[in-house]
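Trainee: After the structure tokens below, expect a handful of questions from me.
The values are calculated or read from the model by the stated rules, or taken from the named source; none is laboratory data. Since we're looking at a predicted model, the values are computed, not measured. Positions of Cβ are generated from backbone atoms using ideal geometry, with glycine treated the same way; all protein chains shown enter the neighbour counts.
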Amino acid sequence: MDTSFYKDVNHFAIHTAWLHGFMKLYATDGVGIFAVLVLAGWWLARYRPDAPRAVAASGWAAIGTVVAVGLNQPLVSAVHRARPYSVLPHVEVLVSRSHDYSFPSDHSVTAGAVVAGLWIIAHYGTKATRWLAAAGTILALLLAFSRVYVGAHYPGDVTAGLLYGAAISVAGWLLLRRALSYLANRAAQISPVRPLIIASQPAHRTRAA
């Protein structure tokens with residue numbers, strides 16, 4: 001079934017040459033957008049009444065993503081799944097052919113971990129952080145699809161990557177949220193660091209009597 005879905009997407013790619021430029025760019029470099037999303041999540045988290053906890057969540061969104069990608073490497077080596085273009089003849093491949101293994105997709109692991117982190121921030125954050133998490137979800141799904149579209153992965157590779165990255169991010173937060181929130185609260189008490197944790201609020205103007 002995975003191979004059949006891959007061939008369906010590959011057939012679609014062959015007949016949508018007008019999409020190739022964007023999909024190649026996004027499949028290769030789109031992962032950088034997720035770093036921007038994490039930074040945006042941190043920036044917005046600083047405006048919450050319980051900002052230290054939300055900022056701690058944004059910090060974990062970044063750290064958890066690195067952890068998820070690191071933990072993915074032994075899994076990739078253990079599963080040892082060949083890239084689809086290594087075993088399927090005459091398929092459209094729009095990116096440079098890699099010699100590493102296919103399952104799970106590193107790009108999708110990154111996207112899944114970041115998006116899970118963004119939803120954790122949104123849990124403590126504002127309406128803006130919820131919109132950010134929703135946008136991140138769409139971008140993550142598009143990145144996963146683009147990796148199949150350019151011929152680099154099976155659909156199962158990217159689906160597993162999204163779920164694996166999200167699982168690592170959520171599990172890590174559940175284990176470390178108390179410690180990270182404590183550290184963020186302590187950091188907020190240090191004057192030079194406080195602006196990184198809690199945004200300064202504009203003073204309310206009082207009307208003259």
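Trainee: Between L141, L118, L132, L162, which is surrounded by fewer than 17 Cβ atoms within 10 Å (Cβ to Cβ), under 24 Å from M23 (Cβ atoms) and modelled with pLDDT of 90 or more?
Mentor: Among L141, L118, L132, L162, only L141 is surrounded by fewer than 17 Cβ atoms within 10 Å (Cβ to Cβ), under 24 Å from M23 (Cβ atoms) and modelled with pLDDT of 90 or more.
Trainee: Considering only region 10-54, how many residues are within 28 Å of H123 (Cα to Cα), part of a helix (DSSP H, G or I) and touching a helix residue (DSSP H, G or I) at 6+ places or on another chain (Cβ under 9 Å)?
Mentor: Summing the residues that are within 28 Å of H123 (Cα to Cα), part of a helix (DSSP H, G or I) and touching a helix residue (DSSP H, G or I) at 6+ places or on another chain (Cβ under 9 Å) in region 10-54 gives 16.
Trainee: Still on this model: What's the number of the condition V55 fails, among (1) under 22 Å from V115 (Cβ atoms); (2) modelled with pLDDT of 90 or more; (3) among the β-branched types (V, I, T)?
Mentor: It is condition (2) that V55 fails.
Trainee: Only residues that are in contact (Cβ under 8 Å) with a residue 40 or more places away in the chain and of a type outside the set (D, E, K, R): list them for region 15-34, please.
Mentor: First pass over region 15-34, keeping only residues in contact (Cβ under 8 Å) with a residue 40 or more places away in the chain: 19-20, 23-24, 26-28, 30-31, 33-34.
Within region 15-34, L19, H20, M23, Y26, A27, T28, G30, V31, I33, F34 qualify.
Trainee: Have a look at V38, V67, V79 and point out the one that is β-branched (V, I, T), under 25 Å from P155 (Cα atoms) and under 14 Å from the mean Cα position of the chain (by Cα).
Mentor: After applying the criteria, what remains is V67.
Trainee: Give G151, G156 a once-over and let me know the one that is within 30 Å of L88 (Cβ to Cβ), of a type in the set (G, A, S) and at pLDDT below 90.
Mentor: When all the criteria are applied, what remains is G151.
Trainee: Still on this structure: Do you know which residues across region 22-34 are closer than 14 Å to G151 by Cα and not aromatic (F, W, Y)?
Mentor: Matches in region 22-34: M23, K24, L25, A27, T28.
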